[in-house]
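These notes concern the structure reproduced below.
The values are calculated or read from the model by the stated rules, or taken from the named source; none is laboratory data. Since we're looking at a predicted model, the values are computed, not measured. Quick reminder, even Gly has a Cβ in these numbers, built from the backbone with ideal geometry, and neighbours come from all protein chains shown. Heavy atoms of the whole protein, side chains included, go into the accessibility calculation; ligands, DNA and RNA do not. Shrake-Rupley method; radii C 1.70, N 1.55, O 1.52, S 1.80 Å.
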Amino acid sequence: MSKIEVDKVDPQSGTALEIGTSGDTVTVPSGVGLTLTDSTLLLPTTVTATTEVKTNKISPATGVAFTLGDSGDTFTVPSGATFVNSGTATGFAAIAWQSVVTASTLTAVAGRGYPINTTSNACTVTLPASASVGDQIIFTDYLRTWATYAVTINQNSLKYQGYATPNPVYDTNGESIHIVYVDATQGWVPLYDGAVANETEQIAELTQKAAMAYGVSSGGQVNMKNLVDASGVVAADVTGVGTARSYTAGSTYGGDKGIYGFGQAAGSTKVAMTNLLTNVGVIGTDVSGVGTAREWIGATGYGVDKAIFAFGHDGSIYVSTSNLVTNVGVVGTDVSGVGTARGTNAACRYGGDKGIVGYGNGPVSMTNLISNVGVVSADVSGVGTAKANRAACAYGEDKGVFGWGYTAVTTLNLVSNVGVVATDSAGAGTARYNVYMHSYGGDKAINVYGENAAGNKVNMSNLMTNTGTMGADVTGVGTARGAGGAAGYET
């Protein structure tokens, strides 16, 4: 091997110097340094280094962008090293967000974000036992339910805002907490711990149309329906679909469709089947029942697009069981009851996204509020005269009304948009019970059919304004009957 020793190599002509030919390997031996002074070294497309490359600056060979590594590669910033951003960084996630937490306990890890759902239970969060300056964690109210079930922070021996005790409690709906560890003196300090506004109020709009279906006529149980248009006009009978039954209940779901469920079929058989109502008013065939078969049940919507069946009689005893309905009309299994078990109750929406179930056999006048996530609350002391076999529906966009009842009255009890039931007010028209009642036209209500004081089935209707005033009898259309269900729909 030959050897050339020189102090400087210059190009023979021009300003470019080439070392070697394509395919050659030029080796700088171990221990030898290659120094560039006020110059630029243009590297080939691929440079392979198995040990270490040191440089003060990396710039793209052409253009203004370069790629660091390939898909799947991992670049590690060693412990003690600092990654400084003096410009704009995109695509870097400082917080790694985790799946929604529904458990009653959570052991938090620094650098993570946790959406916490306290729909069913409170949650105690245990912070890390040790922390480094700059560690951050975020917690946020997933369904705006922290006021019902709170989040408690277990400090786990580290200070929180300078205090070792007590453990902080966060109990405001819509709250988010972003904490950072600053030092041993102050420990964890919130960067933010406030409630986030629900910028778009999520309330259900009342449907324009309704369908009154099922029930019992003078000839026995029926399955026909009568549609109600956006002006409150009741149409003639439409041949029924599904099992004829009475003491069923109906509700809107999905924002524009309806569901009828449970009831009493031939031979006093209690059933749990349901029938879905499309957004053009067509009732589907029977869907196999889920949950305890029962009659004298109440139903209403809750949230923006869901529904609930609650209470009833299973043939042996009264129950307080409920069954939630998803926004695609799927009925859930039994949920353990809350409140006084009873039947012949009524239920409706209020406040745009919540529900209320009230009155019933006994008779009684207590009510139970239903949250916007379908949780039934304990009994609320009754207001007004105790009655059974009532009907209820929403009106005026965010209010509700209980009306009529056994033994054949016209009494109304209006429900405010915060779920407060008013004292008795005089209704209008023929006194009756087991009526069908639903909203129409987006903000008004109608009650149809029912049984009068003599127990005879009738087919008149009464329209209620969007301010809660009930009108006189309107001559009936369709088969006189009672004890059916009402649900809303619209195209």
Some residue of region 76-98 being open to solvent by 90 Å² or more (accessible area, probe 1.4 Å), under 30 Å from ALA110 (Cβ atoms) and modelled with pLDDT of 75 or more: yes
Pick from region 437-476, criterion of a type in the set (A, V, I, L, M) and over 39 Å from the mean Cα position of the chain (by Cα), ranking: farthest from ARG349 (Cα to Cα): ALA454
Test: residue in region 267-286 that is open to solvent by 40 Å² or more (accessible area, probe 1.4 Å) and of a type in the set (Asp, Glu): yes
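From the list THR340, THR344, THR300, which residue is polar (S, T, N, Q) and free of Cβ contacts under 8 Å to residues at least 60 places away in the same chain?
On the way: THR344 fails: free of Cβ contacts under 8 Å to residues at least 60 places away in the same chain; THR300 fails: free of Cβ contacts under 8 Å to residues at least 60 places away in the same chain.
Being polar (S, T, N, Q) and free of Cβ contacts under 8 Å to residues at least 60 places away in the same chain holds for just one of THR340, THR344, THR300, which is THR340.
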Residue tally, condition open to solvent by 30 Å² or more (accessible area, probe 1.4 Å), within 19 Å of GLY427 (Cβ to Cβ) and not in a strand (DSSP E or B), over region 461-491: 7
Only listed residue being in contact (Cβ under 8 Å) with a residue 40 or more places away in the chain and more than 24 Å from the chain's Cα centre (by Cα), chosen from ALA249, ALA293, ALA230: ALA230
Matching residues, region 343-368, being of a type outside the set (S, T, N, Q), surrounded by 24 or more Cβ atoms within 10 Å (Cβ to Cβ) and in contact with a Phe, Trp or Tyr (Cβ under 9 Å, 6 or more places away or on another chain): ALA346, ALA347, CYS348, ARG349, LYS354, GLY355, ILE356, VAL357, GLY358, TYR359, GLY360
Residues of region 200-219 satisfying the condition of being assigned to a loop (DSSP other than H, G, I, E, B) and touching a residue at least 24 places away in the same chain (Cβ under 8 Å): GLU201, GLN202, ILE203, ALA204, GLU205, LEU206, THR207, GLN208, SER218
Identity of the residue in region 146-167, among the aromatic types (Phe, Trp, Tyr) and open to solvent by 50 Å² or more (accessible area, probe 1.4 Å), that ends up nearest to the chain's Cα centre (by Cα): TYR149
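With VAL241, VAL271, VAL222 as the choices, which residue is out of contact with any Asp or Glu (no Cβ under 7 Å at 6 or more places or on another chain), over 14 Å from ILE308 (Cα atoms) and assigned to a loop (DSSP other than H, G, I, E, B)? Explain how you work it out, then say what you get.
Numbers: VAL271 fails: assigned to a loop (DSSP other than H, G, I, E, B); VAL222 fails: assigned to a loop (DSSP other than H, G, I, E, B).
Within the list VAL241, VAL271, VAL222, the selection yields VAL241.
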Whichever residue in region 336-355 is of a type in the set (Lys, Arg) and not in a loop (DSSP other than H, G, I, E, B) and, among such residues, is nearest to PHE262 (Cα to Cα): ARG349
Lone unmet requirement of (1) within 21 Å of TYR433 (Cβ to Cβ); (2) modelled with pLDDT under 95 for VAL241: (1)
Residue match in region 275-289 (condition: at pLDDT below 95 and either more than 12 Å from LEU324 (Cα to Cα) or not hydroxyl-bearing (Ser, Thr, Tyr) (or both)): yes
Any hit, region 111-132, residues being under 17 Å from GLY187 (Cβ atoms), polar (S, T, N, Q) and open to solvent by 60 Å² or more (accessible area, probe 1.4 Å): yes
Filter result (more than 26 Å from the chain's Cα centre (by Cα) and surrounded by fewer than 19 Cβ atoms within 10 Å (Cβ to Cβ)) within region 315-330: GLY315, SER316, ILE317
Test for ALA453: is it assigned to a loop (DSSP other than H, G, I, E, B), touching a residue at least 40 places away in the same chain (Cβ under 8 Å) and small (Gly, Ala, Ser): yes
Positions within region 395-428 being surrounded by fewer than 18 Cβ atoms within 10 Å (Cβ to Cβ), farther than 21 Å from ASN368 by Cα and in contact (Cβ under 8 Å) with a residue 24 or more places away in the chain, in sequence order: THR407, ALA428
Failed criterion for ALA391 (all others in (1) closer than 26 Å to SER461 by Cα; (2) surrounded by 24 or more Cβ atoms within 10 Å (Cβ to Cβ); (3) in contact with a Ser or Thr (Cβ under 8 Å, 6 or more places away or on another chain); (4) aliphatic (A, V, I, L, M) hold): (3)
Flag for ALA445 being outside any loop (DSSP other than H, G, I, E, B), at pLDDT 95 or above and either closer than 27 Å to THR321 by Cα or of a type outside the set (Phe, Trp, Tyr) (or both): yes
Region 100-120, subset under 17 Å from THR145 (Cα atoms) and among the polar types (S, T, N, Q), residue farthest from the chain's Cα centre (by Cα): THR105
Contacts under 7 angstrom Cβ, first residue in region 365-389 being over 15 Å from ASN345 (Cα atoms), partner assigned to a loop (DSSP other than H, G, I, E, B) and of a type in the set (Asp, Glu), 6 or more apart: ASN372/ASP353
Yes/no for THR333 being over 20 Å from TYR149 (Cβ atoms), part of a strand (DSSP E or B) and at pLDDT 95 or above: no
